[in-house]
Amino acid sequence: MRACSRGFGALLAAALITGLVGGCIRPYRVVQQTTPNPFLSGASFKVAPLVFAGMQVGAKTEAGYLAGKDQQSQSSWEGDKQAMADIFMQELAAGVGGLVNPNGRYVIEPRVNFIEPGFYVGVAAGDAEVQMSVQIKDDKGAVLDIFELGVRVHANLSNASVGQRLRAAAGRLGNIVVTYLTDRTQPQ
């Protein structure tokens, strides 16, 4: 089993245990959370571009993954990443409404750490997986919150291409970040 898969499994196990103890399951894992909560009173957020630098693709670095691809596949990969960034931002903006604006006091910095593109060849399929970490910083650059999240997208006939699976993953990741922001900006 790959190290990244074990990490994702640990993330899911931690979410399950937290849900059993805390009464509900959250689709993210808190790494660091500032207390008292600074986001309860009129928080607004600007979102930095989705970062892919330094990520792992399957068992390889991104450069190693792309080295085995032709120019068309490499261009398609770049297009898939751009589409992921666009969909992630759309889901985030749609989900939290007025909390996200270009003049926000806090900065959300999302980073994709791992992608397993998956595959679909009719008789066999492998799910896609995307893992991400998010930092929320104040206007001086101090890190306030850090959380991690990951999603799997089942490979099937309706999302046979890598791009389709990664776009679906981006939408789900955006929704999970919305859940985190909602949890942090609304009193419990």
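Structure values in brief
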read-out	value
The stretch 77-122, subset outside any helix (DSSP H, G or I) and among the small types (Gly, Ala, Ser), residue farthest from ARG152 (Cα to Cα)	GLY104
Residues located in the stretch 39-52, provided they are in contact (Cβ under 8 Å) with a residue 12 or more places away in the chain and either surrounded by fewer than 16 Cβ atoms within 10 Å (Cβ to Cβ) or touching a Cys at 6+ places or on another chain (Cβ under 6 Å) (or both)	LEU40, LYS46, ALA48, PRO49, VAL51
Residue match in the stretch 127-146 (condition: closer than 15 Å to PHE39 by Cα, surrounded by fewer than 21 Cβ atoms within 10 Å (Cβ to Cβ) and among the small types (Gly, Ala, Ser))	yes
Failed condition for GLN131, given (1) out of contact with any Ser or Thr (no Cβ under 9 Å at 6 or more places or on another chain); (2) within 17 Å of VAL177 (Cβ to Cβ); (3) assigned to a helix (DSSP H, G or I)	(3)
Failed item in (1) of a type outside the set (D, E, K, R); (2) under 26 Å from THR35 (Cα atoms); (3) modelled with pLDDT of 95 or more, with LEU66 passing the rest	(2)
Every residue from the stretch 136-167 that is touching a residue at least 24 places away in the same chain (Cβ under 8 Å), among the basic types (Lys, Arg) and within 24 Å of TYR106 (Cβ to Cβ)	LYS137
Residue in the stretch 140-161 that is in contact with a Pro (Cβ under 7 Å, 6 or more places away or on another chain) and either at pLDDT below 95 or more than 14 Å from LYS81 (Cα to Cα) (or both) present	yes
Unique residue being of a type in the set (Ser, Thr, Tyr) and free of Cβ contacts under 8 Å to residues at least 60 places away in the same chain when the list is SER133, SER75	SER75
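Results for (1) touching a strand residue (DSSP E or B) at 6+ places or on another chain (Cβ under 9 Å); (2) over 19 Å from VAL57 (Cβ atoms), shown as yes or no for each residue.
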site: SER75; (1), (2): no, no
site: ILE87; (1), (2): no, no
site: VAL107; (1), (2): yes, yes
site: PHE147; (1), (2): yes, yes
site: GLY150; (1), (2): yes, no
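The values are calculated or read from the model by the stated rules, or taken from the named source; none is laboratory data. Every value quoted in this text rests on a predicted model; they were computed, and no experiment measured them. A quick note on method: Cβ atoms are made from the backbone with ideal geometry, for glycine too, and the neighbour counts reach across all protein chains shown.
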